[in-house]
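Chemist: Before anything else, here's the structure in question.
The values are calculated or read from the model by the stated rules, or taken from the named source; none is laboratory data. This one's a predicted model, so the numbers in the text were calculated from it and none came from an experiment. Because the Cβ atoms are built from the backbone with ideal geometry, glycine has one as well, and the counts that use them run over all protein chains shown.
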Amino acid sequence: MVYEEIEKDLMLLGATAIDDKLQDGVPETIITLNKAKIKIWVLTGDKQETAVNIAYACNIFEDEMDGMFIVEGKDDETVRRELRSAREKMKPESLLESDPVNSYLTTNPRMPFKIPEEMPNGNYGLIINGYSLAHALEGNLELELLRTACMCKGVICCRMTPLQKAQVVELVKRYKKAVTLAIGDGANDVSMIKAAHIGVGISGQEGMQAMLNSDYAFSQFRYLQRLLLVHGRWSYNRMCKFLSYFFYKNFAFTLVHFWYAFYSGFSAQTVYDTWFITFYNLVYTSLPVLGLSLFDQDVNETWSLRFPELYEPGQCNLYFNKKEFVKCLMHGIYSSLVLFFIPMGTVYNSVRNDGKEISDYQSFSVIVQTSLLCVVTMQIALETTYWTMISHIFTWGSLGFYFCILFLLYSDGLCLMFPNIFQFLGVARNTLNLPQMWLSIVLSVVLCMLPVIGYQFLKPLFWPVSVDKIIDRIHHCMRHPLPHPIRTKLKHASSRRSAYAFSHKQGFGALITSGKTMRAKMPKKNSFPFKK
Amino acid sequence: MAMNYNAKDEVDGGPPCAPGGTAKNRRPDNTAFKQQRLPAWQPILTAGTVLPTFFIIGLIFIPIGIGIFVTSNNIREIEIDYTGTDPASPCNKCLSPNVTPCICTINFTLEQSFEGNVFMYYGLSNFYQNHRRYVKSRDDSQLNGDPSALLNPSKECEPYRRNEDKPIAPCGAIANSMFNDTLDLFLVGNESDPTPIPLKKKGIAWWTDKNVKFRNPPGADIPLEERFKGTTKPVNWVKPVYLLDPDEDNSGFINEDFIVWMRTAALPTFRKLYRLIERKNDLHPTLPAGRYYLNITYNSEKRVNSFHTLATLWESFLHGEFCSSQRCSKIKTSIPTQLYTARSQHTEQYVLTTVEKADCACAKPEGSSGSGVWIFVPGVQFSRLVGSNGAKMLRSVLALRQIAQRTISTASRRQFENKVPEKQKLFQEDNGIPVHLKGGVADALLYRTTMILTVAGTAYAIYQLAVASFPKKQG
C-alpha cells in the first residue's frame, strides 16, 4: 500500500483530544425526575458508544438494570423480532392473544386511541439506532416500538436525524396519554422541540436556534427540575385553585336569582343592586383571586425539590377534572341556598326596632350582597395556603373596599345627582346598623364555611391520597426539622465505566466500552482519529 | 449534547437578537418578590385548630340563639284578617259592594293591656311588589321634586305615564297601586261612647326617605296645589297627590303613607307600617284590655278592578308577562321588642294585628297564595280564568277576529278600561279552535312559522351530525 510506505519511521509528537463534558447536575436532575415518574429518553445524533456512555454517566441507565436490549436490525423482520423478543423478556404475557392491549388492538380501533401503561417485571433499557428506527417507524411496527420502549426505564436512540427525533416525539404524543417535553440545544433539536407539547431550549454555544423555537429557554439542563417540579407544579396548583374558586363564586352569585325567582313571580328580578352586579367580578372579587394565582404555594421550593413525588397530581390531573367541577357546582348550589334563605328568613315579616321597615327590596338586596361577599372572601381565605402581606391586603382590602364603595354609591350626593341610576339612597345607613343583619351574615358565613372546613380536614384524614401522605410528612418535617439535609450519594458509574468514549474503529471500541479492561483510576485516553 | 459552560456565566453570548441589544445580563433579580420567597404565614388545618374552632363556634352561637328566641317570643301580636272571603266575616259585603266606599267593622277583644309603643301594620300576601316590571315602574327624579321630571316623567313609568294628555304625578305602577284602605281603631268603653284611639301618621317612614329622597317640587311659599300644576292624579287614585293630607308637611310626595308604599317589598308576603300608637306619659297602658272595634274603609272594588286592569293592560303591552297582583289585604299592628338588647321598662311588648287573606281571583280560586308558575303560559292562565266564569258564545272565526281587532283598537284609544270581559268572551268561545290559536290569524301564523323553523332546524342539525360523524381522512 502507498500509505504503508509513507507512514514509516514517524515520531509521535503528541495527541489531541476533545473533552465534551456533561453539564453540572445532570445526573442528579435525572434521578429526581425519575422519582417524579417522568420517563427520560435520549434522542441524539451521536454514535452509539457515546450515547451509551453518556447514559450511564447521567443515570439513565444504571448498572443494576435487569437487562438491556439493543435493536440494530437492518430490515423490518429483524427489527420486529428484536422488539418482540425484548417485550417477551420484559412482560411475557404481552405477546399472548389474551393480553388486553393486544385484544384491543385487534379490534382495529378508530383513531385516536391510546395505549395504556404496561408494567414490566424489572428495569430494562433499550438502545436503538437511527437505521433501525427508520424501519421501526413505519406503520405496522410503530406500535411495537412504542409498547416496547414505554416498558423500559430508559431509552437511547442514537444516530438520529432531526426528522426522526420529531417522529418519535409525535409517536408518543399520538398513541400515549402523556405530556411530552423535548429539551435540546442545537439546531438539529429544533424539530423535536417544536413537535413536543413543551419545548425547552438550552441556550449555548451552538447558537440561538433551539432557544428561539422553544417555549422555555434556560442555560443549563439542571434547571429543568426547577422548571417542572417547582414552577410547573405551582402553576398547576394555582390554576386549579383559581378555576374551582372562580366557578364557585359565580355559581353562588348567580344561583341566588334562581331561588328568588320562586318569590318574585318568575319575573327575572335581580336580587342585587345593578351596580353590585357590575362590580362583583370586576372589583370586589378580582384582586384576591389574582393574589391567589400569583403567590400561592402549597409547599415551598426546597420541599418541592426534595419530594418529587408531589408532582403526581399534575400528571394524573387530580385537582381539576369533571368530578371536581361537579363538586364545585354542588358547593355553589348549597352556598346559594344558604345565601338566599337565611336573609329571607331574617327579613320575612320582620321590622326594625323602631317599627320601620326592614323587609323592603333594597334592604334585602344589601343583606344578600354583603353576605355573599363575606362568604366568598372567607372561602378564598380558606383556599389561600400562603399568606404574604400582599394576599392580606388584597383579600381584606377588597372587602373593606366593598364597604367604601357601598357607602359611596348609596350616599346622598351621588343619588341626588342621578336619581334614576343610583336608586338606593340611604339603604346602607339604614341597614348596616342593624344587629339582625350582622348576625345573619355571621350565620350565613358559618353555615357555608363549616362544611368546607370539615371536609378539608376529614378527607385527608380518612381517605388520603398519596399526595396527602407526602404533605403530611412535610408538615411533620417542618415542625421537627431534620438535623442534616439528606443527600443521596450519587453512585457514579466510575467503578466500571467512564464517561469517556473512543471514536475509532469498531473493534477496540467494543472491547474497551465493555468494561473488561477498566481499572479504578483511568489514565486519560485519547481519541485516535485513525481509520484503517 | 453536552456543553462546557460555567454556571456563573450567564451572559447572553450569542449574536444580539433584540434590536439594539448589547450583551447584557438577563438574569432576573434575586429579590424575595421576584423569586417568590416572600415571607408568609402558612396555616395548616390540623385537629388542634379545627376541632376547637367548631366547639367555640357552637358555644358562641347557642346562647345567642337562645337569647334571640326568648326575646322574639316576648313579642305579642294580634292578627286580624279582614279580607272578607268567609261569608260570616263582616267585611264580606265589601267584596262586591253596593255603595262605595264600603265601611265594615270588625270587633275584637284584647285579653291583656298593651303597654309601650304599639305599631299598627297592614299586611298583604301574594302581592308581588318585587316583580321586575313593577319595581322599574317609577321615576325617582320626579319623586325628588325635579321640576322637569314632574312634567315629563320617565319612560319606565309606562303605561302609567300620561293620562288625559297630562303627565301623571306620581307616575308608575307602584304609585298607582297604592294601598288606600283606612283603618280606625275604637275602644268600647261604656256602651254609648266608644273612644277613638289616636293614631299617629307621621314618623312611619325612614328619615332618609322623608327628608332626602322624596321632595315636593320646589316653591316654599307657593301652595302645594300650584306646585303640581299641569299634572294629573294617577288613574286609580281618588284624590290627587297634593290632597293626601291637610298637613303640608305630610302631603304631596312626602306623604309618609305614600313613601312607605313606594319602598317596594322584597317578598310577596309583607307588612308595612301604617300608624303608630304612642305610649302615654302617665302610668296608663297604651291599649288597655277590653273590647275594640276596627272600622275599615275597604276600597277593594277599585283595587280588584285595578288589578285586572293592570293585568289586562300589562297583558296587552307585555304579552302576558305580568299576571297577577292579587291583593290579599292584611292589616297588622305589632310592636317588635328591642330584639337584641334587654330593656327593663318594656318587659312586655304587644302586637295588635289584623290580617286579611284575600281571595285571589287570578290563578287559584281557592284563595291560596299562588306562586307565579302560570306566568309562562298566559294562555293557560287565561283559560282557567275564563273556565271559572264560563260564558259561552257562538261566533264565527271572522267575527272573532273582528272582536279581537276591536278589542285592540279600543285598547289603544281608551287605555285604562277594563278589557278583561272582552278577552274572556274572545277566548271562551266554543268554536272548537284550540286555545293557542284562538287569538286570531296572528296566532296561526306564529304557530306555523315556529313549527317550520323547528322542523327545519332539527333536520339541519341531524344533517350536520351525520356529516361530522364521518370525517374525511386527512390526505
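Chemist: Based on what the data block shows, is residue B:87 within 30 Å of the chain's Cα centre (by Cα) and outside the structural domain of residue B:124 (by TED's automatic domain parsing)?
Modeler: yes
Chemist: Quick check on my filter: what residues within region A:15-58 are within 14 Å of chain B (Cβ to nearest Cβ), part of a loop (DSSP other than H, G, I, E, B) and not acidic (Asp, Glu)?
Modeler: Answer for region A:15-58, where residues must be within 14 Å of chain B (Cβ to nearest Cβ), part of a loop (DSSP other than H, G, I, E, B) and not acidic (Asp, Glu): A:17, A:18, A:21, A:22, A:23, A:25, A:44, A:45, A:47, A:58.
Chemist: Checking residue B:144 against (1) within 30 Å of residue A:273 (Cβ to Cβ); (2) surrounded by 23 or more Cβ atoms within 10 Å (Cβ to Cβ); (3) of a type in the set (S, T, N, Q), only one condition comes out false. Which one?
Modeler: Among (1) within 30 Å of residue A:273 (Cβ to Cβ); (2) surrounded by 23 or more Cβ atoms within 10 Å (Cβ to Cβ); (3) of a type in the set (S, T, N, Q), residue B:144 violates only (2).
Chemist: Looking only at helices (runs of 4 or more DSSP H) that fall completely inside region B:84-192, which ones have 1 or more residues that are under 23 Å from residue B:251 (Cβ atoms)?
Modeler: Working: elements: B:132-136, B:140-143, B:147-151, B:173-176.
The qualifying helices (runs of 4 or more DSSP H) are B:140-143, B:147-151, B:173-176.
Chemist: From the list B:160, B:121, which residue is away from chain A (no Cβ under 14 Å), hydroxyl-bearing (Ser, Thr, Tyr) and in contact (Cβ under 8 Å) with a residue 24 or more places away in the chain?
Modeler: Within the list B:160, B:121, the selection yields B:160.
Chemist: Here's another thing I want to ask about it. Looking for whichever is away from every other protein chain (no Cβ under 14 Å), closer than 30 Å to residue A:349 by Cβ and of a type in the set (D, E, K, R) here; the options are B:221, B:165, B:184, B:140. Which one fits?
Modeler: B:184
Chemist: Just to verify a result, which residue in region B:153-204, among those that are of a type in the set (Gly, Ala, Ser) and closer than 27 Å to residue A:419 by Cα, is surrounded by the fewest Cβ atoms within 10 Å (Cβ to Cβ)?
Modeler: Residues of region B:153-204 of a type in the set (Gly, Ala, Ser): B:154, B:169, B:172-173, B:175, B:177, B:189, B:192, B:203.
Restricting the remaining residues to those that are closer than 27 Å to residue A:419 by Cα gives B:154, B:169, B:172-173, B:175, B:177, B:203.
Working: B:154: 19, B:169: 26, B:172: 27, B:173: 27, B:175: 26, B:177: 23, B:203: 15.
Of everything passing the filter in region B:153-204, B:203 is surrounded by the fewest Cβ atoms within 10 Å (Cβ to Cβ).
Chemist: Also: I'd like the residue in region B:124-133 that is at negative phi and more than 8 Å from every other protein chain (Cβ to nearest Cβ) and, out of all such residues, is surrounded by the most Cβ atoms within 10 Å (Cβ to Cβ).
Modeler: It comes out as B:127.
Chemist: Could you list, in sequence order, the residues of region A:122-173 that are more than 28 Å from the chain's Cα centre (by Cα) and assigned to a loop (DSSP other than H, G, I, E, B)?
Modeler: A:137, A:138, A:159, A:160, A:161
Chemist: If you don't mind, another one. Just give me the residues in region A:329-372 being surrounded by 20 or more Cβ atoms within 10 Å (Cβ to Cβ) and of a type in the set (S, T, N, Q), in sequence order.
Modeler: A:335, A:336, A:346, A:359, A:362, A:363, A:365, A:369, A:370, A:371
Chemist: Name the one entry in A:393, A:380, A:405 that is within 13 Å of another protein chain (Cβ to nearest Cβ) and assigned to a helix (DSSP H, G or I).
Modeler: Criteria check complete, one pass: A:393.
Chemist: When the residues of region B:406-465 are filtered to those that are in a helix (DSSP H, G or I) and acidic (Asp, Glu), which remaining residue is modelled with the highest pLDDT? Spell out how you get there, then give the answer.
Modeler: First, the residues of region B:406-465 that are in a helix (DSSP H, G or I): B:406-413, B:420-428, B:435-437, B:441-465.
Going one step further and asking which of them are acidic (Asp, Glu), we end up with B:422, B:443.
Details: B:422: 88, B:443: 91.
Step by step, filter region B:406-465, then rank; the result is B:443.
Chemist: In region A:435-445, what residues are facing chain B (nearest Cβ under 10 Å) and crowded, with 19+ Cβ neighbours inside 10 Å?
Modeler: Result: A:436, A:443.
Chemist: Just name the residue that is nearest to residue A:189 (Cα to Cα) out of those in region A:46-73 that are of a type in the set (D, E, K, R) and touching a residue at least 60 places away in the same chain (Cβ under 8 Å).
Modeler: A:46
Chemist: Considering B:75, B:64, which residue is within 12 Å of chain A (Cβ to nearest Cβ), of a type in the set (Val, Ile, Thr) and in contact (Cβ under 8 Å) with a residue 24 or more places away in the chain?
Modeler: On the way: B:64 fails: in contact (Cβ under 8 Å) with a residue 24 or more places away in the chain.
Checking each option against the conditions leaves just B:75.
Chemist: Taking the criterion of being modelled with pLDDT of 90 or more, within 30 Å of residue A:461 (Cβ to Cβ) and outside any loop (DSSP other than H, G, I, E, B), would at least one residue in region B:63-75 satisfy it?
Modeler: yes
Chemist: Are any residues in region B:161-182 aliphatic (A, V, I, L, M) and either modelled with pLDDT under 90 or not assigned by TED's automatic domain parsing to the domain that holds residue B:147 (or both), and if so, which ones?
Modeler: If the condition is that a residue be aliphatic (A, V, I, L, M) and either modelled with pLDDT under 90 or not assigned by TED's automatic domain parsing to the domain that holds residue B:147 (or both), then B:169 is the only one that fits.
Chemist: Still on this structure, please answer the following. Output the residue which, of all residues in region A:320-350 that are outside any helix (DSSP H, G or I) and touching a Leu at 6+ places or on another chain (Cβ under 9 Å), is modelled with the highest pLDDT.
Modeler: Of region A:320-350, the ones outside any helix (DSSP H, G or I) are A:320-321, A:348-350.
From what is left, the residues that are touching a Leu at 6+ places or on another chain (Cβ under 9 Å) are A:320, A:348-350.
Details: A:320: 91, A:348: 87, A:349: 78, A:350: 82.
Among residues in region A:320-350 that are outside any helix (DSSP H, G or I) and touching a Leu at 6+ places or on another chain (Cβ under 9 Å), the one modelled with the highest pLDDT is A:320.
Chemist: Please identify the pairs in which a residue from region A:203-219 that is farther than 20 Å from residue B:27 by Cβ has its Cβ atom under 9 Å from the Cβ atom of a residue that is surrounded by fewer than 18 Cβ atoms within 10 Å (Cβ to Cβ) and among the basic types (Lys, Arg), counting only partners at least 6 apart or on another chain.
Modeler: Pairs found: A:213/A:194.
Chemist: Here's something else I'd like to know. Only one of (1) at pLDDT 90 or above; (2) surrounded by fewer than 19 Cβ atoms within 10 Å (Cβ to Cβ) fails for residue A:300. Which number is that?
Modeler: (1)
Conditions (1) at pLDDT 90 or above; (2) within 30 Å of residue A:304 (Cβ to Cβ); (3) touching a Phe, Trp or Tyr at 6+ places or on another chain (Cβ under 7 Å), marked per residue:
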| residue | (1), (2), (3) |
| --- | --- |
| A:438 | yes, no, no |
| A:455 | yes, yes, no |
| A:475 | no, yes, no |
| A:500 | no, no, no |
| A:517 | no, no, no |
| A:523 | no, no, no |
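Chemist: Please give the number of the condition residue A:362 fails out of (1) part of a helix (DSSP H, G or I); (2) touching an Asp or Glu at 6+ places or on another chain (Cβ under 9 Å); (3) away from chain B (no Cβ under 14 Å).
Modeler: Every listed condition holds for residue A:362 apart from (3).
The rows are residues; the columns are (1) crowded, with 18+ Cβ neighbours inside 10 Å; (2) in contact with a Gly (Cβ under 8 Å, 6 or more places away or on another chain); (3) modelled with pLDDT under 95.
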residue: A:203; (1), (2), (3): yes, yes, yes
residue: A:221; (1), (2), (3): yes, yes, yes
residue: A:224; (1), (2), (3): yes, no, yes
residue: A:231; (1), (2), (3): no, no, yes
residue: A:248; (1), (2), (3): yes, yes, no
residue: A:251; (1), (2), (3): yes, yes, no
residue: A:270; (1), (2), (3): no, no, yes
residue: A:273; (1), (2), (3): yes, no, yes
